[in-house]
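What follows is a short report on a single structure.
The values are calculated or read from the model by the stated rules, or taken from the named source; none is laboratory data. Please read all numbers here as calculations on a predicted model, not as lab measurements. In this analysis, Cβ positions are derived from the backbone assuming ideal geometry, glycine residues included, and neighbour counts consider all displayed protein chains.
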Amino acid sequence: MDATASPENPVVEVRDNAVSYLLQTAPAVRPPQQTRKRTAPRTVGTRVTAQPAFVLHSYPYKETSLIVELLTRDFGRVALIAKGAKRPHSQLRGVLQTFQPVSAGWTGKNELRTLTDADWVGGLLPLEKTALLCGFYLNELLVKLLARDDAHPKLFDHYVSTLNQLAHNEPPPIVLRKFETALLKETGVASDLTRCADTRGKVKPGIAYVVDPDRGPRPAGDDDTAPRVAGKTLLDMAREDYTDPATQAQSKQLMRFLLAHQLNGAPLNTRQILIDLMQL
């Protein structure tokens, strides 16, 4: 979206206002610096050090601290107390920012542990405007769908790749479809889109299907209320080929349906803004 916000362009105005609102709670982006070589994560008893991580969400804890939700490569989603992070001169204020890689350490045995150190690593471009909203959408999905302390290293790598694609202005709808599919697959709730649930035979391109969230695709019936998708769309999604406009449109409806099932009806705060912007 290259248009400039104006009274004649309400969608862009909604976008810019939403970005401004979300940035009120997001730390400022630090200027790019030289990327530091990542060291291997280490564990000593209940202490973890040098763990690659991203901030998904943070909120106030007592007067001067924060509770920070991190996505880590080897430990999954973890919740940590960042003591003193709200103090004006805290070194953590410039480090605990969304969409930028950090090297984190913590200690503790309980579900809520204590952050012991966090260093900014760098290496990714900042997200801006629509890409920034997409980033918040990714983070909300991860907070709501990932169980704590459940490692998904492949999903972590996919998250890094997705942020990089968004930062380089690749088409958000396609980038998000790929991430949503990877999220359901890596968390073990995605069915095989290429096999019919009833016969286990190969999905046929010319047949219309509905996808049972628990069992997978089956030929669509007259009474089905779930989104109908062509077999070609399911095969395209399996090989991450979204060049066909019909595949883009049908995959959007299908993923919205499947995610709603996994969320048990819980709303996504960022989705409505994205729908307003690009009919996501």
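Annotation note: of LEU193, LEU183, the sole residue that is in a loop (DSSP other than H, G, I, E, B) and buried (at least 17 other Cβ atoms within 10 Å of the Cβ) is LEU193. Taking (1) touching a helix residue (DSSP H, G or I) at 6+ places or on another chain (Cβ under 7 Å); (2) buried (at least 17 other Cβ atoms within 10 Å of the Cβ) in turn, LEU115 satisfies each apart from (1). For segment 220-237, the condition of being buried (at least 19 other Cβ atoms within 10 Å of the Cβ), under 27 Å from VAL143 (Cβ atoms) and in contact (Cβ under 8 Å) with a residue 60 or more places away in the chain holds for at least one residue.
Residue pairs whose Cβ atoms lie under 6 Å apart, separated by 6 or more positions or on different chains, with the first residue in segment 107-119 and touching a residue at least 60 places away in the same chain (Cβ under 8 Å) and hydroxyl-bearing (Ser, Thr, Tyr) and the second part of a loop (DSSP other than H, G, I, E, B) and exposed (fewer than 14 other Cβ atoms within 10 Å of the Cβ), are THR107/THR46.
Residue-by-condition table, conditions (1) outside the structural domain of TYR137 (by TED's automatic domain parsing); (2) under 22 Å from ASP212 (Cβ atoms); (3) under 17 Å from the mean Cα position of the chain (by Cα):
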{"site": "ARG239", "(1), (2), (3)": "no, yes, no"}
{"site": "THR243", "(1), (2), (3)": "no, no, no"}
{"site": "ALA249", "(1), (2), (3)": "no, yes, no"}
{"site": "LEU254", "(1), (2), (3)": "no, yes, no"}
{"site": "LEU258", "(1), (2), (3)": "no, yes, yes"}
{"site": "GLY265", "(1), (2), (3)": "no, yes, no"}
{"site": "THR270", "(1), (2), (3)": "no, no, yes"}
{"site": "ILE275", "(1), (2), (3)": "no, no, yes"}
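What are the residues in segment 72-120 that are small (Gly, Ala, Ser), closer than 28 Å to SER161 by Cα and at pLDDT below 95, if any? GLY94, the sole residue that qualifies. Of the numbered criteria (1) of a type in the set (A, V, I, L, M); (2) buried (at least 20 other Cβ atoms within 10 Å of the Cβ); (3) at pLDDT below 90, the one ALA266 fails is (2). Going by what's in this entry, would PRO88 be described as surrounded by fewer than 19 Cβ atoms within 10 Å (Cβ to Cβ) and assigned to a loop (DSSP other than H, G, I, E, B)? Spelling it out, PRO88 is indeed surrounded by fewer than 19 Cβ atoms within 10 Å (Cβ to Cβ) and assigned to a loop (DSSP other than H, G, I, E, B). Restricting to segment 128-153, and then to whatever is in a loop (DSSP other than H, G, I, E, B) and acidic (Asp, Glu), can you tell me which residue is nearest to THR107 (Cα to Cα)? Among them, the one singled out is ASP149.
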